[in-house]
Structure formats: structure tokens, C-alpha cells
Amino acid sequence: MSRVFIALQDNENARFIVEAVTEDNPSAEVKHSPAMVRIEADDRLTIRRETVEDKLGRDWDTQELQVDLISLGGNVDEDDDSFTLYWNT
């Protein structure tokens with residue numbers, strides 16, 4: 001089994017994104033480091049625009065993720081409604 005991950009700056013914006021990701025991906029593991037939050041999951045991790053918007057209380061474009069992004073591991077599938085990391089099996 002392969003693990004995907006995304007690492008974000010630990011800032012106010014990313015806190016809402018992390019909250020949304022863990023709501024949509026209950027098996028995801030969150031690891032806090034100084035100035036960084038890393039979220040890992042088995043095989044697939046999806047960040048949904050709608051959930052992030054609910055947490056932020058405003059419109060959110062999935063491309064805004066790039067502002068807080070430090071690193072990621074996995075293949076990326078991105079559209080207007082979601083940002084997904086996955087491994088081909």
C-alpha cells in the first residue's frame with residue numbers, strides 16, 4: 001500500500017484546509033511540525049472545494065492551494081471542484 005501526502009504551511013488559511021481534508025478523509029493522518037502541517041493517507045487524498053469553502057466561510061478556488069503548498073507526494077488530479085492525490089495501482 002502506498003501513502004500519498006501533502007505538506008502545507010502552518011498558517012491561518014491552511015488550518016481551515018486541514019480541517020476540511022480531515023472531514024472528507026477520516027483515515028488521513030495529520031502531522032504537525034514547526035511551520036508545516038503534513039497530511040498523509042493510504043492510496044488517495046481528496047481536498048474538496050465545497051468543504052473548504054464551508055470551513056473558510058468564503059468562496060475558494062482549488063488553485064489557491066498553491067499559495068500554502070510546500071510539497072506533495074502522489075499523482076495529481078485537479079479540477080474546479082477538487083484536488084486529489086493518488087497512486088496508480
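The values are calculated or read from the model by the stated rules, or taken from the named source; none is laboratory data. What you are looking at is a predicted structure, and each value in this text was computed from that prediction instead of being measured. Ideal geometry is used to build each Cβ from the backbone, glycine not excepted, and the neighbour counts take in all protein chains shown. With ligands, DNA and RNA removed, areas are computed over all heavy atoms of the protein, side chains included. Shrake-Rupley method; radii C 1.70, N 1.55, O 1.52, S 1.80 Å.
For the stretch 1-38, the set of residues classified as in contact with a Phe, Trp or Tyr (Cβ under 7 Å, 6 or more places away or on another chain) and over 15 Å from Val76 (Cα atoms) consists of Arg38 only.
Taking the condition of being in contact (Cβ under 8 Å) with a residue 60 or more places away in the chain, closer than 13 Å to Ile17 by Cβ and open to solvent by less than 50 Å² (accessible area, probe 1.4 Å), how many residues in the stretch 51-89 meet it? Qualifying residue count, the stretch 51-89: 2. Filter the stretch 39-50 down to the residues that are open to solvent by 50 Å² or more (accessible area, probe 1.4 Å) and either more than 17 Å from Gln66 (Cβ to Cβ) or more than 10 Å from the chain's Cα centre (by Cα) (or both) and list them by number. Matches in the stretch 39-50: Asp42, Asp43, Arg44, Arg49, Glu50. The sole residue among Ala7, Ala35 that is under 13 Å from the mean Cα position of the chain (by Cα) and open to solvent by less than 90 Å² (accessible area, probe 1.4 Å) is Ala7.
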